[in-house]
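Here is the structure we will look at, set down as structure tokens.
The values are calculated or read from the model by the stated rules, or taken from the named source; none is laboratory data. All values reported here derive from a predicted model rather than from experimental measurement. Here the Cβ is made from the backbone with ideal geometry for all residues, glycine too, and neighbour counts use every protein chain on show. Just so you know, the surface numbers come from the protein's heavy atoms only, side chains and all, with ligands and any DNA or RNA stripped out. Shrake-Rupley method; radii C 1.70, N 1.55, O 1.52, S 1.80 Å.
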Amino acid sequence: AQSVTQPDIHITVSEGASLELRCNYSYGATPYLFWYVQSPGQGLQLLLKYFSGDTLVQGIKGFEAEFKRSQSSFNLRKPSVHWSDAAEYFCAVVASNFGNEKLTFGTGTRLTIIP
Amino acid sequence: DTAVSQTPKYLVTQMGNDKSIKCEQNLGHDTMYWYKQDSKKFLKIMFSYNNKELIINETVPNRFSPKSPDKAHLNLHINSLELGDSAVYFCASSLTEYGYTFGSGTRLTVV
């Protein structure tokens with residue numbers, strides 16, 4: 001079964017600094033990978049997704065992620081964070097097992113921004 | 001024109017009561033899901049329906065019963081509510097594996 005690990009429970013960065021959130025997955029075949037963001041009291045918003053092709057994926061709000069098969073990773077990056085980026089970030093994977101797809105989430109990383 | 005809408009947004013109820021949460025999607029997706037987010041923010045799938053047919057049923061107490069009257073609706077009924085059922089419940093829909101759209105969640109508090 002597929003699984004996702006987000007090793008950082010909580011990250012604090014200064015506004016304007018760069019950001020990298022780590023995500024490692026476990027799945028035998030090529031996974032479909034996602035990053036979602038959840039602002040306090042809100043639902044889940046899709047930042048970006050990877051299915052195939054170019055391993056560097058651009059998303060909304062200036063985020064990007066890079067798929068590295070050799071490291072089983074799909075880390076999320078942003079060159080300069082804004083105070084509004086403070087939120088919970090979830091990495092997720094789905095198995096391309098047609099007819100039985102389920103999105104499996106990591107435990108999330110809480111991002112705090114210091115002014 | 002909300003894509004995935006859940007009602008109610010907040011639900012406070014006493015232990016032992018029965019309650020329902022409703023979900024509707026207007027995206028034309030074939031598959032709908034219920035996820036539970038616990039107090040530590042962990043998201044775990046509960047159920048999945050594809051064209052009104054149950055395809056995923058994770059280890060969930062029998063007190064939880066999903067119902068899908070048509071592929072645009074997936075409701076969640078919970079019997080004999082317990083304190084541990086307090087969580088945020090998210091409905092989602094998808095068209096195969098290419099994209100999942102989530103509702104804004106229902107915060108259930110059992111007192």
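One line per residue, one yes/no per condition, for (1) more than 27 Å from residue A:39 (Cα to Cα); (2) aliphatic (A, V, I, L, M):
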{"position": "B:43", "(1), (2)": "no, yes"}
{"position": "B:47", "(1), (2)": "no, no"}
{"position": "B:63", "(1), (2)": "yes, no"}
{"position": "B:66", "(1), (2)": "yes, no"}
{"position": "B:73", "(1), (2)": "no, no"}
{"position": "B:83", "(1), (2)": "no, yes"}
{"position": "B:89", "(1), (2)": "no, no"}
{"position": "B:94", "(1), (2)": "no, no"}
{"position": "B:105", "(1), (2)": "no, no"}
(request) Tally the residues that are open to solvent by less than 50 Å² (accessible area, probe 1.4 Å), part of a strand (DSSP E or B) and within 11 Å of another protein chain (Cβ to nearest Cβ), restricting the search to the range A:47-59. (result) 0
(request) Filter the range A:9-38 down to residues that are within 11 Å of chain B (Cβ to nearest Cβ) and in a loop (DSSP other than H, G, I, E, B) and give me whichever is surrounded by the most Cβ atoms within 10 Å (Cβ to Cβ). (result) A:31
(message) Can you tell me which condition residue B:4 does not meet? The list is (1) open to solvent by 50 Å² or more (accessible area, probe 1.4 Å); (2) hydrophobic (A, V, I, L, M, F, W, C); (3) under 24 Å from residue A:32 (Cα atoms), and all the others hold.
(response) (1)
(request) Report yes if residue B:80 is in contact (Cβ under 8 Å) with a residue 12 or more places away in the chain, outside any strand (DSSP E or B) and at the interface with chain A (Cβ under 9 Å from one of its Cβ atoms), otherwise no. (result) no
(request) Pairs only if they're at least six apart or on different chains, beta carbon under 9 angstrom, first in the range B:33-56 and within 15 Å of residue B:94 (Cβ to Cβ) and at the interface with chain A (Cβ under 8 Å from one of its Cβ atoms), second of a type in the set (A, V, I, L, M) and surrounded by fewer than 16 Cβ atoms within 10 Å (Cβ to Cβ); list them, first residue then second. (result) B:48/B:54; B:48/B:55
(message) Given the criteria surrounded by 13 or more Cβ atoms within 10 Å (Cβ to Cβ), farther than 22 Å from residue A:106 by Cα and more than 9 Å from chain A (Cβ to nearest Cβ), does residue B:13 qualify?
(response) yes
(message) Can you pull out every residue in the range A:60-85 that is assigned to a loop (DSSP other than H, G, I, E, B) and crowded, with 18+ Cβ neighbours inside 10 Å?
(response) A:63, A:81
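Take the conditions hydroxyl-bearing (Ser, Thr, Tyr) and either within 19 Å of residue A:1 (Cα to Cα) or open to solvent by 10 Å² or more (accessible area, probe 1.4 Å) (or both) and apply them to residue B:31. Does it pass?
The answer is no for residue B:31.
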(message) Condition check: small (Gly, Ala, Ser), touching a Phe, Trp or Tyr at 6+ places or on another chain (Cβ under 9 Å) and either surrounded by 14 or more Cβ atoms within 10 Å (Cβ to Cβ) or assigned to a loop (DSSP other than H, G, I, E, B) (or both). Does residue B:39 satisfy that?
(response) no
